[in-house]
Amino acid sequence: MKKNAVLAITRTAVMIAILVMIQFITKSFGQYVTGSLVNLVLAVAALTIGLWEGIIVAAVSPFFAFMFGIGPAFIQIVPFVALGNAVLVVVLWLFAGREKEFTSKSLIKGYAGAVVASAAKFLTLWVGVTKISFLLIPGIKEAQIEKMTAMFTWPQLVTALIGTIVAMSVVPQIKRALKKSKN
């Protein structure tokens, strides 16, 4: 196995470990803290490790959240959350993932990507969770639908914006540090 492949696998595993730790430690802090931190990790993974590695971290995240009792109360919702996370990662990466170093122009593009990626995740979750997943859950009660709808609509936009904007603020420094460690 090539050195770069081993490094990418290791970094992906570290991001997943950080993500699991954050979800476990912050689960009592509520959706805004945990969700923002999860989106931060997803964005950092995509922008520092790579697109496919970011997608892997994005797909794994909601399954751990489900196991820890954070987020989706029904397994039928988890794939839609994974899809929403993957959409966030892909869109953000398309805007800023190929940047080796961030200039003023590429940072503006990255922040715009953070907004677009957050909106895309929000729309994916809104359609997936509130329009499709409830049809897949036998016997779901109206109160449960209302609670899940409240969790998986605009709060997702807020937490995605917080996480991706913070990521765009720290990723240039992380990339510089990674570049120095290669030398």
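Return yes when residue 167 is surrounded by 18 or more Cβ atoms within 10 Å (Cβ to Cβ), under 14 Å from the mean Cα position of the chain (by Cα), within 30 Å of residue 100 (Cα to Cα) and not polar (S, T, N, Q) and no when it is not.
Yes, satisfied.
I need a count of the residues in the stretch 90-115 that are of a type outside the set (S, T, N, Q), loosely packed, with under 14 Cβ neighbours inside 10 Å and modelled with pLDDT under 90.
Here the count works out to 4.
Taking interchain pairs and intrachain pairs at least six residues apart, which have beta carbon atoms under 6 angstrom, with the first residue in the stretch 158-183 and under 18 Å from residue 90 (Cα atoms) and part of a helix (DSSP H, G or I) and the second modelled with pLDDT of 85 or more and among the basic types (Lys, Arg)?
160/121
Per-residue answers, yes or no, for (1) of a type in the set (Val, Ile, Thr); (2) surrounded by fewer than 18 Cβ atoms within 10 Å (Cβ to Cβ); (3) in a helix (DSSP H, G or I):
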{"site": "12", "(1), (2), (3)": "yes, no, yes"}
{"site": "18", "(1), (2), (3)": "yes, yes, yes"}
{"site": "28", "(1), (2), (3)": "no, yes, yes"}
{"site": "42", "(1), (2), (3)": "no, no, yes"}
{"site": "80", "(1), (2), (3)": "no, no, yes"}
{"site": "117", "(1), (2), (3)": "no, no, yes"}
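Being closer than 21 Å to residue 165 by Cβ, touching a residue at least 60 places away in the same chain (Cβ under 8 Å), part of a helix (DSSP H, G or I) and among the aliphatic types (A, V, I, L, M) is true for just one of 33, 38, 89. Which residue is that?
Just one listed residue meets the conditions, 38.
Quick check on the stretch 99-110. Is at least one of its residues farther than 17 Å from residue 35 by Cα, of a type in the set (Val, Ile, Thr), free of Cβ contacts under 8 Å to residues at least 12 places away in the same chain and outside any helix (DSSP H, G or I)?
Yes, because at least one residue in the stretch 99-110 is farther than 17 Å from residue 35 by Cα, of a type in the set (Val, Ile, Thr), free of Cβ contacts under 8 Å to residues at least 12 places away in the same chain and outside any helix (DSSP H, G or I).
Does any residue of the stretch 145-152 turn out to be in a helix (DSSP H, G or I), crowded, with 20+ Cβ neighbours inside 10 Å and out of contact with any Leu (no Cβ under 8 Å at 6 or more places or on another chain)?
Yes.
Output the residue which, of all residues in the stretch 49-87 that are small (Gly, Ala, Ser) and at pLDDT 95 or above, is nearest to the chain's Cα centre (by Cα).
Ranking the candidates gives 58 first.
The values are calculated or read from the model by the stated rules, or taken from the named source; none is laboratory data. Computed from a predicted structure; not experimentally measured. Note: ideal-geometry Cβ built from the backbone for every residue, glycine included; neighbour counts use all protein chains shown.
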